[in-house]
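Reading through the structure tokens given below for one structure.
The values are calculated or read from the model by the stated rules, or taken from the named source; none is laboratory data. Being a predicted model, the structure only gives us computed values, none of them experimental. A quick note on method: Cβ atoms are made from the backbone with ideal geometry, for glycine too, and the neighbour counts reach across all protein chains shown.
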Amino acid sequence: MQWEIIIGLEVHTQLSTNSKIFSGASTTYGAEPNTQADAVSIALPGVLPVLNKGAVERAIKFGLAIGANIASRSVFARKNYFYPDLPKGYQISQFDLPVVGQGELTIQVEPLSGNGKPYEKVVRVTRAHLEEDAGKSLHEDFRGMTGIDLNRAGTPLLEIVSEPDMRSAAEAVAYAKTLHSLVRWIGICDGNMQEGSFRCDVNVSVRRPGAPLGTRREIKNLNSFKFMQQAIDYEVQWQIDTLENGGKIQQATVLFDPEKGTTHAMRSKEEAHDYRYFPDPDLLPLDITPSMLAQARDTLPELPQAKRERYVTELGLTPYDASILTSSREMAEFFEAALAEAPDQRKICANWLIGDVSAQLNRDGLDIAQCPITPKQLGGMLKRISDGTISNAGAKEVFRVMWSESGEADAIIDAKGLRQVSDTGAIEKIVDEIIANNPTQVADYRGGKDKLFGFFVGLAMKASKGKANPAQLNEVLKRKLDNNK
Amino acid sequence: MLNSSLTQMGAALHAKRISSIELTQLYLNRITELNPALNAYITTNAEFSLAQARRADQLLANGKAQSLTGIPIAQKDIFCAKSWRTTCGSKMLENFIAPYDAHVIEQFNNAGAVNLGKTNMDEFAMGSSNETSFFGPVKNPWDNHAVPGGSSGGSACAVAARLCAAATGTDTGGSIRQPAALCGISGIKPTYGTVSRYGMIAFASSLDQAGPMARNAEDLALMLNVMTGFDERDSTSLQRDKEDYARDLNKPLAGLRIGLPKEFFAEGLAQDVAGCVNLAITEYQKLGASIVDITLPNSRLAVPVYYVLAPAEASSNLSRYDGVRYGYRAPEYSDLTEMYERSRAQGFGAEVKRRIMIGTYVLSHGYYDAYYLQAQKIRRLIAQDFTEAFQNCDVIMGPTSPSTAFNLGEKGDDPVQMYLSDIYTIAVNLAGLPGMSIPCGFGSNGLPIGLQIIGNYFDEARMLNAAHQYQLVTDNHQRAPNNIGL
């Protein structure tokens, strides 16, 4: 019998403010322990939180980007629990009234296995709320004691909670990737997963189709898409095996061990905390005015979804190409800047970016923001493809030189003598010679062996040292060969 | 000099009849002499105080003095003061030296005042008798067997015993007004949000408010002028224009409408207290005020509501005292949980633990709606009662506390009896209104009685006016305890 997989995500995105959410301490990553822990961060007696407006602006931007309702009034609440790296003994978060209400995110899912086709899906976002991060407990190097680093304590987070709308690891990963791209796109989070700027908790359960939701287990703190997929795959199989062997799933929080590729329970429901949430009396309710909304809206860039649709309808690109070109804001900006140089080369521009540029970036382990070729350089080359100055083969050479040595397309074309022959007289002369030198093949072709056309193209190209304009060459060859058919 | 008002002291300093150093030394000597018996101060630091006095004398010499420059002020030990031990009356913070100044401390420093020392208080301001202090109870200077009230008992005692020119206090449910009443001095808790809470160790954040304690209303006005003002470090600090609280002191009271809530004169009020309060009301009528009978029907719920909300906030506010980063840590423990449990069990006193447990309970899953939310609703009704009352009167008057000072140990076994000591003051905090207490006579045992004056939001100047006019025609505020070496 089939099992249906049910997945929901809680994603902690670290907001890209310079200072903490409730104090002026720096949020820069990687400083010496506790050098960015001010009086508020270490919760000295008598200190009070003051809300960072930058964090609020970023939360609003996110809400607008997913078409969510932004609460005109939201409330900060205290989540009470004891832990050494939680200096106040409570975390300031939002509970009943989060700043961002229900919204949705459209994802492009590429099935991870099998021959499934890519498809689009809408995932509902339940809510997103502002909260502060805790510090870090360091268990090594302290001779049996635990070190506490409070640099991270108070770093602003936006916790984004989805509905349990995902039905496979592929969908979960696609959602996480889309979200990751979106928060970077709108400039609210640097997305650095190694540094913990984007951390995912994945709730997984399985059920028989049509049955009520099964008991879920929450996989905590996944900081790579690869681990997410592995963790879900393992967890799903574990749950199915457990159920099929007559066992029961206990609600629990689990951790993924990347080395073993397994999940293991951290604490069960029975040990779950009573967090005793209540409104934080040190902070006033957060009122978001229409002018704050308008300001956020004005600074919001065109969103990936809108861009994707526009690439299809206005530029005539395929949905697949459009979605790749909008996978990050840097990619889309690169594409648009390159296209500005050769506005009629939409498809070719897209092909180059998705093809050669991406492949080369991949090989060199770079991302588009670190591309050694500027959009202007690529556009300059496209322009020369467009006006017939260079052939495709010539373009590949130009691209290679640009990548490894730099330079503008025109200069490379001249230096390398890549200008293709578009002189009809010269091409006709070559074609005439080939027809004269290969009477047998000409006779065969004219006798109906159409496949031989490629043979003549090859000879002609070789004779022109690859510089003949392929379109012209084709045209001349066809005319002369077919003349006496 | 010890009986002078702050204005007179300021004039003497300006006229060089006395230097700040001399004045400070005078008080330090009195503290050395009298504090062992009264226990009003937890910490003094003569070197620090005299250094401030020296700077004040320079300001005075350079003509840069303000109204409180050079005047020795006692600070409740709830305000963090840089390089001073700040204990909040608790073993938990017995050795905590604050690395920064509270807003209130900054304001006094900027005014050139002298920090004379940190006064004793109930542990984390939880108490009405000063008996919960880890540093031992404060004695009432009028009778050393009686309590001074709390939680600002050390400040009240210090002011009454002339161990400082004036003092600061904080008031969460009556902690300025009740000890002021019991020690025969004047004290005012301004409108919530008027004095920044930055650096003031939190008890119940939505109720805590600092205010001055002094020998008369005029002094309170000068103190308030220094203490108040917007502070961006406290999100609940109100953005308002700076005002001069002394501006209306000398206005005549003709036409003033005084509301008398019938609930404040009902069962539970000691006869001698009722008598003195009524006499004071009569005095006000002579001054041209009229009396309006009002009702505050929900005020009877103030004590139970307060003992849900204040402990709820406190249980969370005091979570930071966990032995991890500063403060008391138990000497022996085998794991993290035991470190928490022992540090908090040994570092907090019984009353603090009681309130942490109450607060934890009322916020717990399954009880939150029945206690915390319900209490918040009643809190709004209590505030609404006052809003309606102020449609018909300008100030509300009544007793500050139901009796004169009780004896040390008298209510130790019965927390509810102790809590009822604040029955008339608590509603004011729940509503966020300003309230004050001024001396209005003496009980059958010779101990002071306080008259409570409650004003509408931001009406402190009118309250101080009413208090000052009364003090111009009476001398209750000028009486001093015996045996304080005057």
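A compact table of results
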item	result
In the range A:293-351, the residues that are over 26 Å from A:Val109 (Cβ atoms) and in contact with a Cys (Cβ under 8 Å, 6 or more places away or on another chain)	A:Ala338, A:Leu339, A:Ala342
Unmet requirement for B:Arg355, which otherwise passes all of (1) surrounded by fewer than 17 Cβ atoms within 10 Å (Cβ to Cβ); (2) away from chain A (no Cβ under 14 Å)	(1)
Subset tally (residues that are part of a helix (DSSP H, G or I) and closer than 17 Å to B:Ala180 by Cα) for the range B:467-483	7
Pairs with Cβ under 8 Å, 6+ apart, first in the range B:55-68 and in contact (Cβ under 8 Å) with a residue 12 or more places away in the chain, second among the acidic types (Asp, Glu)	none
Pairs with Cβ under 9 Å, 6+ apart, first in the range A:445-457 and modelled with pLDDT of 85 or more, second assigned to a loop (DSSP other than H, G, I, E, B) and aromatic (Phe, Trp, Tyr)	none
Residue within the range A:51-69 that is facing another protein chain (nearest Cβ under 10 Å) and in a loop (DSSP other than H, G, I, E, B) present	yes
Sole exception among (1) surrounded by 19 or more Cβ atoms within 10 Å (Cβ to Cβ); (2) in contact (Cβ under 8 Å) with a residue 12 or more places away in the chain; (3) within 14 Å of chain B (Cβ to nearest Cβ) for A:Val206, by number	(3)
When residues of the range B:17-31 are limited to those that are surrounded by 15 or more Cβ atoms within 10 Å (Cβ to Cβ) and polar (S, T, N, Q), the one farthest from B:Pro72 (Cα to Cα)	B:Ser19
Selection within the range A:70-81 - surrounded by fewer than 21 Cβ atoms within 10 Å (Cβ to Cβ), away from chain B (no Cβ under 14 Å) and among the hydroxyl-bearing types (Ser, Thr, Tyr)	A:Ser72
Filter result for A:Val47 (free of Cβ contacts under 8 Å to residues at least 40 places away in the same chain and within 14 Å of chain B (Cβ to nearest Cβ))	yes
Test set (1) crowded, with 20+ Cβ neighbours inside 10 Å; (2) under 16 Å from B:Ala302 (Cα atoms); (3) not hydrophobic (A, V, I, L, M, F, W, C) - B:Gly347 fails condition number	(2)
So A:Pro98, is it over 27 Å from A:Ala294 (Cβ atoms), more than 10 Å from every other protein chain (Cβ to nearest Cβ) and out of contact with any Cys (no Cβ under 8 Å at 6 or more places or on another chain)	no
Lone unmet requirement of (1) farther than 23 Å from A:Val47 by Cβ; (2) in contact (Cβ under 8 Å) with a residue 40 or more places away in the chain; (3) assigned to a loop (DSSP other than H, G, I, E, B) for B:Ala167	(3)
Unique residue being touching an Asp or Glu at 6+ places or on another chain (Cβ under 8 Å), under 21 Å from A:Ala39 (Cα atoms) and within 14 Å of chain B (Cβ to nearest Cβ) when the list is A:Pro84, A:Pro156	A:Pro84
Subset of the range B:116-147 [in a strand (DSSP E or B), among the polar types (S, T, N, Q) and in contact with a Pro (Cβ under 8 Å, 6 or more places away or on another chain)]	B:Asn140
Criterion (away from chain A (no Cβ under 14 Å), of a type in the set (Gly, Ala, Ser), closer than 25 Å to B:Ser403 by Cα and surrounded by fewer than 16 Cβ atoms within 10 Å (Cβ to Cβ)) met by exactly one of B:Ala270, B:Ala266, B:Ala280	B:Ala266
Evaluation of A:Pro164 against (1) in contact (Cβ under 8 Å) with a residue 40 or more places away in the chain; (2) part of a strand (DSSP E or B) (one fails), failing number	(2)
Hits in the range B:306-332 - residues which are of a type in the set (Phe, Trp, Tyr), more than 12 Å from every other protein chain (Cβ to nearest Cβ) and farther than 23 Å from B:Thr425 by Cα	B:Tyr328
The range A:213-232 - residue that is of a type in the set (S, T, N, Q) and in a helix (DSSP H, G or I) and, of those, nearest to the chain's Cα centre (by Cα)	A:Gln229
Qualifying position, being surrounded by fewer than 24 Cβ atoms within 10 Å (Cβ to Cβ), among the polar types (S, T, N, Q) and in a loop (DSSP other than H, G, I, E, B), among B:Ser206, B:Ser196	B:Ser206
Strands (runs of 3 or more DSSP E) (entirely within the range A:78-157) containing at least 3 residues that are under 27 Å from A:Ile324 (Cβ atoms) and either of a type outside the set (A, V, I, L, M, F, W, C) or in contact (Cβ under 8 Å) with a residue 60 or more places away in the chain (or both)	A:103-109, A:119-132
Single condition B:Leu182 does not satisfy, out of (1) outside any loop (DSSP other than H, G, I, E, B); (2) of a type outside the set (Phe, Trp, Tyr); (3) surrounded by fewer than 24 Cβ atoms within 10 Å (Cβ to Cβ)	(3)
Only listed residue being crowded, with 20+ Cβ neighbours inside 10 Å, within 21 Å of A:Gly89 (Cα to Cα), of a type outside the set (S, T, N, Q) and at pLDDT 95 or above, chosen from B:Asp394, B:Asp322	B:Asp322
Matching residues in the range B:57-90 - criterion: being within 14 Å of another protein chain (Cβ to nearest Cβ) and charged (D, E, K, R)	B:Lys76, B:Asp77, B:Lys82, B:Arg85
Residue match in the range B:243-258 (condition: away from chain A (no Cβ under 14 Å) and part of a strand (DSSP E or B))	yes
Residue in the range B:429-448 that is surrounded by 23 or more Cβ atoms within 10 Å (Cβ to Cβ), over 16 Å from the mean Cα position of the chain (by Cα), not polar (S, T, N, Q) and not in a strand (DSSP E or B) present	yes
Among the residues listed as B:Gly174, B:Gly187, B:Gly229, the single one being assigned to a strand (DSSP E or B), over 16 Å from A:Pro281 (Cα atoms), more than 14 Å from chain A (Cβ to nearest Cβ) and in contact (Cβ under 8 Å) with a residue 60 or more places away in the chain	B:Gly187
Residue that is surrounded by the fewest Cβ atoms within 10 Å (Cβ to Cβ), among those in the range B:475-486 that are under 23 Å from the mean Cα position of the chain (by Cα) and of a type outside the set (Gly, Ala, Ser)	B:Asp475
